[in-house]
Amino acid sequence: MYNGSNLAAPRKVSRTLSFILTAVGIFFVTDTDDLVVLLLLWLAAATPLQRRHVVVGQYLGIATLILVSWLVSRGILRYNVGGLVHWLGLVPLSLGLMGLTRWWRNRGVAQLPPTLTHPVSLPLVWSLTIGNGGDNLSIYIPYFTHLDTPEFAVVLVVFLTMIGLWLVLSHHWARSTVASHFFARFGAWLSPLLFIGIGLVIVLK
C-alpha cells in the first residue's frame with residue numbers, strides 16, 4: 001500500500017538541506033571580502049589578547065549586522081541605518097594613511113613589520129567588520145523578511161558556523177610560510193595600501 005509518509009521524510013530532508021545550502025551561499029557571497037580584512041588583522045595582531053580581539057570583534061560585528069537586519073525586517077527598526085554604515089570606512093582609511101606615512105618616514109629601515117599605527121582592539125575589529133559588511137544589509141533584510149523564527153534560528157547557526165570557518169581559514173593563511181615571507185618583505189607598505197583600498201570601498205559603497 002502507498003504511504004505518503006514514505007516520501008514526506010526525504011522531501012523534508014531535501015528542503016532542509018536546500019535551505020541550509022542557501023544560507024551558506026548567502027554568507028559566502030556577502031562575507032568573502034572579510035577574509036582579506038581578517039588576514040590583515042591576524043598579521044597585525046601581536047599578542048594573544050589582540051588575537052582574541054580579532055575573534056570576538058568579528059563575531060560581534062557580524063552579529064550586529066544580523067541583529068540590525070532582523071530588526072528592520074520585522075519592522076521594529078525603521079531608521080535607514082545603511083546610509084550611515086559607509087562612514088565607518090573612514091576607520092581603515094585613516095589607519096591606512098597613517099600606516100603609509102609611517103612607512104614613508106621609516107622606509108630606510110630594513111623589513112619594517114606590517115603593523116597598524118594603532119594596536120588591534122575590539123572596537124577596531126568591530127568597526128572594520130561593520131563597515132566592510134554594511135552592504136550585507138541590502139541582502140540580509142529581504143532574506144530575513146521571508147523567514148519565520150525557527151528558520152531564522154537555523155540561519156543564525158549557519159552564519160555563526162561560517163564565521164568560525166572564516167576565522168580559521170584566514171588565521172591559517174596568515175600563518176602560512178608564503179604569507180609570512182610576503183608580508184615580511186612587502187607588508188610595511190602593502191598593508192596600509194590594502195586598508196586604504198578597503199576604506200575607500202566602504203566609503204564609496
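Brief remarks on what is shown
- Residue in region 10-20 that is among the hydroxyl-bearing types (Ser, Thr, Tyr), modelled with pLDDT under 85 and exposed (fewer than 10 other Cβ atoms within 10 Å of the Cβ) present: no
- Count of region 140-162 residues, restricted to those that are of a type in the set (Ser, Thr, Tyr) and closer than 18 Å to PHE28 by Cα, is 3.
- Hey, LEU112 buried (at least 18 other Cβ atoms within 10 Å of the Cβ), modelled with pLDDT under 70 and either among the polar types (S, T, N, Q) or in a loop (DSSP other than H, G, I, E, B) (or both) or not: no
- Scanning region 54-92 for residues that are surrounded by fewer than 14 Cβ atoms within 10 Å (Cβ to Cβ) and either at pLDDT below 65 or of a type in the set (Phe, Trp, Tyr) (or both) returns ARG78, TYR79, ASN80, GLY83, LEU84, TRP87.
- Some residue of region 34-47 being among the acidic types (Asp, Glu), within 10 Å of the chain's Cα centre (by Cα) and outside any helix (DSSP H, G or I): no
- Condition met for ILE141 (under 16 Å from VAL37 (Cα atoms), in a helix (DSSP H, G or I) and at pLDDT 75 or above): no
- Any hit, region 118-126, residues being within 27 Å of ASP148 (Cβ to Cβ) and at pLDDT below 70: no
The values are calculated or read from the model by the stated rules, or taken from the named source; none is laboratory data. Fair warning: this is a prediction, and the values are worked out from it, not measured in the lab. In this analysis, Cβ positions are derived from the backbone assuming ideal geometry, glycine residues included, and neighbour counts consider all displayed protein chains.
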